[in-house]
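Working notes for the structure below.
Where a number appears in this text, it was derived from the coordinates with a stated rule and is not lab data. Since the model is a prediction, treat every value here as computed from it, not as a measurement. Cβ: placed from backbone, ideal geometry, glycine included. Neighbour counts: every protein chain shown.
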Amino acid sequence: AGKLTQLVKSTDADCVKLNVTKVRAQITAIEEDDLDVAMPLEMLGDTLLGISQMREMVENLRDFTRLDRSKTAEFDINKGLHNVIYIARSVIPTHIEVVEAFGKLPKIECNASQLNQVFLNLINNASQSIVADHGTVTVFSCVENDRIRVDVSDNGTGIAPEVLPHIFDNYYTTKTASEGTGLGLAIALSIVQEHGGEIKVATEFGKGSTFTVFLPVTLGAATQAFKTTGASA
């Protein structure tokens, strides 16, 4: 049991992957030797499951932040959305379902880390707007008029008419101090505009909201290949 404890201490993704293999080997050895150990094998199995989940989280976090913030590169928006949703699910209450509805997209030239921040902020805001016992956040993507479109929709409380004109203002918030600073949407809008895009909002007070991010499609090799093959698939 002491050896197993030492094997699970690393949080580096590669080490975690290696440690999962080692822990599995330790459990197999215990089963084969029928050793008398204090920790039941069922608990060891639960530990292995926890380590596997930790490895997956670390790998998603590494994808989330892998690009230098000062650089851009061709990026798969759907992959970024999937990673962001995985991370968001770790903090979103379990009574809120997050649905992925992704269409086929070309890669675009962008700063992936910054766009990940935008989508994480929108998903987090959507989940916080849901106060019912059950709610849904839907993340949808498609190509529309040579732009990538990403919708983050919720069936939460919606935005009051008097609040709507101010949601992108710096430091404007209807949340408590512990819930937010009022900078999230302002920063998100700035990032999207720097990428040549825009954010639109559709809301009905008491029924929910949809934040739509539009991003220009870069006319690079990946995009041309998508236009000739992917769009007709």
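Details
- Residue ranges 119-128, 191-200, 104-113 sort as 119-128, 104-113, 191-200 when ordered by packing (mean number of other C-beta atoms within 10 Å per residue, highest first).
- Karplus-derived 3J(HN,Hα) values for region 112-123, using 6.51 cos²θ - 1.76 cosθ + 1.60 with θ = phi - 60°, are 4, 4, 5, 5, 4, 4, 4, 5, 5, 4, 5, 5 Hz; glycine and proline are entered as x.
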